[in-house]
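Working notes, beginning with the structure itself.
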Amino acid sequence: MAVRGRAGRSGRKLLNTVGFVLGSVLMFVAVAMLTASLVALAYRETDIAVGIAVSAGITTLSGSAMRRFARRPRALTLKEGFATVGLSWGVFALFGALPYLVTGSIPSITDAVFESVSGFTTTGFSTLVDPSAMPFGILFWRGLTNWLGLAEHGILVSSVAPGEVATPMTDMDEAQAFAEQRPGNPLGRPGHVN
């Protein structure tokens, strides 16, 4: 009987931790959606901006509900970490599909989720025949999902500081990477070309 009670507490702690972290993830995704909504407004795509903002609202409500019913974890165990990371991908994919669905840009649930998964996993696959025909707000959301997918992997160096990067894979140290010169590099700055 004592083992069962301990397992029940462990399960509740796991749900509590995962719920809090996933709620936080959803809040982050909602803020990203709002930036896409602002881009749509800048391009005078009012209906698209409203659709993306509604998606952000649904995502915010879901995230805040999860955070409200879960307490902030003190530290993640290995099991909680695996559960959180695994479920985060699913949550990203499902809620990331909302802007496509709510705006009607991709009316099929399957295609919208596929496009969202493709973005967050940065695979580059698409169900769209001509992505450039999409409204600017949706194109921005599509690009933002790719950028967020790279951020989750910690690969933001190229977008922030283009040029040579010193890593164990390049066999360069910082001085070598900075000193690397390329033809057509007038300012001497790595990554800057004519």
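Data for the structure
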{"read-out": "Long-range neighbours under 8 Å by Cβ, at least six apart or interchain, first residue farther than 16 Å from Leu148 by Cβ within the stretch 12-29, second at pLDDT below 85 and among the acidic types (Asp, Glu)", "value": "Lys13/Glu80; Leu14/Glu80; Thr17/Glu80; Val18/Glu80"}
{"read-out": "Where a residue in the stretch 101-114 is within 12 Å of Ser55 (Cβ to Cβ) and open to solvent by 50 Å² or more (accessible area, probe 1.4 Å) and its partner, wherever it lies, is part of a helix (DSSP H, G or I) and among the hydroxyl-bearing types (Ser, Thr, Tyr), with Cβ under 9 Å and at least six apart", "value": "Leu101/Ser55; Val102/Ser55"}
{"read-out": "Filter pass, Thr127 being in a loop (DSSP other than H, G, I, E, B), touching a Gly at 6+ places or on another chain (Cβ under 7 Å) and of a type outside the set (A, V, I, L, M)", "value": "no"}
{"read-out": "Some residue of the stretch 60-81 being under 27 Å from Thr127 (Cα atoms) and touching a residue at least 40 places away in the same chain (Cβ under 8 Å)", "value": "no"}
{"read-out": "Filtered residues of the stretch 52-86 (kept if open to solvent by less than 90 Å² (accessible area, probe 1.4 Å), within 12 Å of Lys13 (Cα to Cα) and either modelled with pLDDT of 95 or more or among the charged types (D, E, K, R) (or both))", "value": "Glu80"}
{"read-out": "Criterion: more than 22 Å from Gly149 (Cα to Cα), in contact with a helix residue (DSSP H, G or I) (Cβ under 7 Å, 6 or more places away or on another chain) and outside any helix (DSSP H, G or I) - qualifying residue of Arg67, Arg72, Arg44", "value": "Arg72"}
{"read-out": "Selection count where residues are at pLDDT below 75 and part of a helix (DSSP H, G or I), scope the stretch 132-157", "value": "5"}
{"read-out": "Any hit, the stretch 78-101, residues being of a type in the set (Asp, Glu) and touching a Phe, Trp or Tyr at 6+ places or on another chain (Cβ under 8 Å)", "value": "no"}
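The values are calculated or read from the model by the stated rules, or taken from the named source; none is laboratory data. All values reported here derive from a predicted model rather than from experimental measurement. Note that each Cβ is placed from the backbone with ideal geometry, even for glycine, and that neighbours are counted across all protein chains shown. Note: accessible area is taken over every heavy atom of the protein model, side chains too, but ligands, DNA and RNA are not part of it. Shrake-Rupley method; radii C 1.70, N 1.55, O 1.52, S 1.80 Å.
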